[in-house]
Amino acid sequence: MEPEITTPDFGTGRSLPQRFGDELQVSRSSIQEAPRGLGGMGASLDDTPADVAPDATRADRRRAWVCRAVLGLIMVVQALLSTRLHNTAFMDEALYIYAGHAEFAHLLHGASVNSSYSSTFSGSPVLYPLLAGAMDSLGGLTGARALSLVFMLGCTGLLYSLTRRLFNERVGLFAAVLFVASQSTIVLGWFATFDSAALFLLAFAAWVVVRTDRANPFTVLFAAPILVLAFCTKYAAGLFIPTVVVLAVIVAWPHRGARALWRGVLLSAAVAAIGGTLLYGSSLLSGIQFTTTSRAHGTSSTSALIDVSADWIGLAFALACWGALSYVWRGRIGEVTSAARKATGEEPGRVWRAMLSLLLCGTGLLAPAYQMHLSTSVSLHKHVGFGLFFFAPLAGLGLSRIVGPYFHRTAIGVGLLIVRTAIGLLFIVLALSNGIEQSQWRYATWPDSTRLVNLLRPHVNSQGRYLSDIAQVPTYYFRDITKWNQWTGTYHLNYTDTKGVKHTGAGAFAAAIDDGRYNFVVLQKPGVSKFDPAIAKALATSAKYRLYAELPFTTTFGDGSYQVWTRTS
């Protein structure tokens, strides 16, 4: 039989047996402070045989390089999964990239800019849109989307580093795999919107607070401007700022005790001070209210939102819950938190493990819960990815414990080892297949506008007026010819006709068509606006317009078409 030693299970008051074969982690301090034996000779690090420490160091280095290589491979797969998606610009992408170009022109040349950007965007128009506009100038839509890929690859790297510090390298790799396999990560990696940049900044801030857990409490202030920047990039990121603040306290608690609360106080105060200074009196406040805090409620049922959320992140969340439960029940099965090991050589107690697990798993429910409050599924497929980043470490831990503590141990039986490894691989394959299928489905929810753009390009000019269901798309693609105020959407209109009579709603569109205001009208069928039937009826009965072309397309939801109407005189 192998000799056993006992180590205290902090927080439970019990001692757990540890076999030497289980690779008990021993810190420098515990060796140096070991009780003296025969002759008063104490065990210290200096008494270690000369050939042991170098061998251990070399093994650590080899493991680190192997893990980095595997992480690199995971990130290559992530890039391939995202870049395989193909479609023309989505309306939001077109809007934000065009806004970036407009803001650049305003900054450099004083050109006029749409004043509604700051009051209607879900993030500051002078942050991500400027970056996207710059990348679009360099590489077109592909360049703007590549910027999102860089941000999401950064999220994966930060997730691995953060998880490695909380647990170990293998858990970090499993967490990265589950994060990369999700629909949210795949889509956001090739989608030119605020989300990827905001998530990267949140990830960066979370990494900072974990990385500085043992440093001077004031080092946590480095995360404050990053969190404010994340919020300004996308206001919905503010939902996850409290998680980062609490995380800053929890990770420092094992070595600072109640003094770790100062980290939370300092970080909260700094975020409030910086954010308040930047936003006080700003026009961004109306945008925050319009898109986030006072957003209009939808009609989606709670059961429907639970169903789609479970479809998108259910598997990873189930693994996270298993990881949390097993971690609370037994803290050490080969995964010892790096921070705690360096401080005490032991795993923190059960209460600490429960608090960390509750925080990370609870964060995964924030986005679905908030959108249930709003009764809307708009952008939920993106927002659940924010929560996924935070509970992915526990999902990786859950998967790691399903596979088993060590790959190389055969004492548990080769058959059992094969079975557990196969189960782990099955979870990875299921997650990956779901992510691939769902991302492909998501990327086909809007029609390809290539034929429409090619049809209209010879006819648009700098003097015309145009009405379109998807006004943002032609505004972006024809930015070299037209300005934003030449294109009118179909969601809202106030119009004064040639007789001086004011109209609103469906009557406004009918009056504008009766006056022959627009050179071209583009309607999407099935309709996307509640005013589309009234507009279609006005066009069909007007002698001033004729159907110029009908361009069929196919999306996730079935077949449809663009109807292009032109003015006859």
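Classify region 450-567 as rounded, prolate or oblate from the Cα gyration tensor: take a ≥ b ≥ c as the square roots of its eigenvalues, call it rounded if a/c is under 1.5, otherwise prolate when a/b beats b/c and oblate if not. Don't jump to the answer; show the numbers that get you there.
Details: a/c = 1.66, a/b = 1.25, b/c = 1.33.
Oblate is the answer for region 450-567, as a/c is 1.5 or above yet b/c matches or exceeds a/b.
What full-extension length gain, to one decimal in nm, is calculated for ASP60 and SER375 as 0.36 nm per residue of separation minus the Cα-Cα distance?
Numbers: separation 315, 0.36 × 315 = 113.40 nm, distance 5.02 nm.
Full extension of this stretch gives 108.4 nm more.
Determine the calculated [θ] at 222 nm for the chain from helices alone, applying -39500 (n - 2.57) to every DSSP H run no shorter than 4 residues and normalising by the residue count; nearest 500 deg cm²/dmol.
On the way: 22 runs with 330 residues, N = 569.
Mean residue ellipticity at 222 nm (helix-derived): -19000 deg cm²/dmol.
Return the sequence-ordered ³J(HN,Hα) values of region 379-393 in whole Hz as given by the Karplus equation 6.51 cos²θ - 1.76 cosθ + 1.60 applied to θ = phi - 60°, using x for Gly and Pro.
For region 379-393, the Karplus-derived couplings read 6, 4, 5, 8, 5, 5, x, 5, x, 4, 4, 7, 9, 4, x Hz, x marking Gly and Pro.
Would you list, by chain and number, the lysines whose Cα falls below 28 Å from the Cα of LYS525, excluding same-chain residues fewer than 8 positions away?
Those lysines meeting the cut-off are LYS382, LYS483, LYS537, LYS544.
Taking square-rooted eigenvalues a ≥ b ≥ c of the alpha carbon gyration tensor, is the chain rounded, prolate or oblate, where a/c under 1.5 means rounded and, failing that, a/b exceeding b/c means prolate? Show your work: numbers first, answer last.
Working: a/c = 2.81, a/b = 2.27, b/c = 1.24.
Judged from the Cα gyration tensor, the chain comes out prolate (a/c at least 1.5, a/b above b/c).
Taking square-rooted eigenvalues a ≥ b ≥ c of the alpha carbon gyration tensor, is region 212-316 rounded, prolate or oblate, where a/c under 1.5 means rounded and, failing that, a/b exceeding b/c means prolate? Walk me through the numbers on the way to the answer.
Working: a/c = 3.23, a/b = 1.36, b/c = 2.37.
Verdict is oblate for region 212-316.
Give the order of ILE97, ILE418, ILE513, ILE428 when sorted by the count of other beta carbons within 10 angstrom, beginning with the fewest. Before the final figure, lay out each step's value.
On the way: ILE97 30, ILE418 10, ILE513 24, ILE428 15.
Result, fewest neighbours first: ILE418, ILE428, ILE513, ILE97.
Any idea how far the Cα center of region 417-471 sits from the one of region 110-142, in Å?
22 Å
Return one number: the angle in degrees, 0 to 90 and rounded to the nearest 10, between the long axis of the Cα atoms of helix 223-233 and the longest principal axis of the Cα atoms of the chain.
That works out to roughly 20 degrees.
Output the relative contact order of the chain, whole-number percent, from Cα pairs under 8 angstrom with separation of 6+ residues. Don't skip to the answer; put the middle values down first.
On the way: 907 pairs, mean separation 84.6, N = 569.
Answer for the chain is 15 percent.
Just rank ASP480, ASP136, ASP307, ASP514, fewest to most, by other beta-carbon atoms within 10 angstrom.
Details: ASP480 7, ASP136 26, ASP307 12, ASP514 17.
Lowest to highest Cβ neighbour count: ASP480, ASP307, ASP514, ASP136.
Mind checking the full-extension length gain between THR120 and LEU279? Use 0.36 nm per residue of separation minus the Cα-Cα distance, one decimal, nm. Let's see the in-between values first.
Details: separation 159, 0.36 × 159 = 57.24 nm, distance 1.54 nm.
Net length gain for the segment: 55.7 nm.
Evaluate the relative contact order of region 450-567 (contact order divided by residue number), counting alpha-carbon pairs under 8 angstrom at least 6 apart; express in whole percent. Walk me through the numbers on the way to the answer.
On the way: 188 pairs, mean separation 27.3, N = 118.
Relative contact order for region 450-567 comes out at 23 percent.
Using 7 Å Cα-to-Cβ label points, what is the THR293/VAL501 separation (nm, one decimal)?
Once both label points are built, they end up 4.3 nm from each other.
Below 8 Å between Cα atoms, with a sequence gap of 6+, how large is the relative contact order for region 204-256 in percent?
Details: 36 pairs, mean separation 25.3, N = 53.
Relative contact order, region 204-256: 48 percent.
Using the Karplus curve 6.51 cos²θ - 1.76 cosθ + 1.60 with θ = phi - 60°, what ³J(HN,Hα) values do you get for each residue of region 81-88, in whole Hz, with x for Gly and Pro?
Per-residue couplings from phi come out as 5, 6, 6, 6, 6, 9, 5, 6 Hz.
Give a residue-ordered list of calculated ³J(HN,Hα) values for region 179-195 (Karplus: 6.51 cos²θ - 1.76 cosθ + 1.60, θ = phi - 60°; whole Hz; x for Gly, Pro).
5, 5, 6, 7, 4, 4, 5, 5, 5, 5, x, 9, 9, 7, 10, 4, 4
Where a number appears in this text, it was derived from the coordinates with a stated rule and is not lab data. Keep in mind it's a predicted model, so treat the numbers as computed, not measured. Note that we place each Cβ from the backbone using ideal geometry, even for glycine, and neighbour counts take in every protein chain shown.
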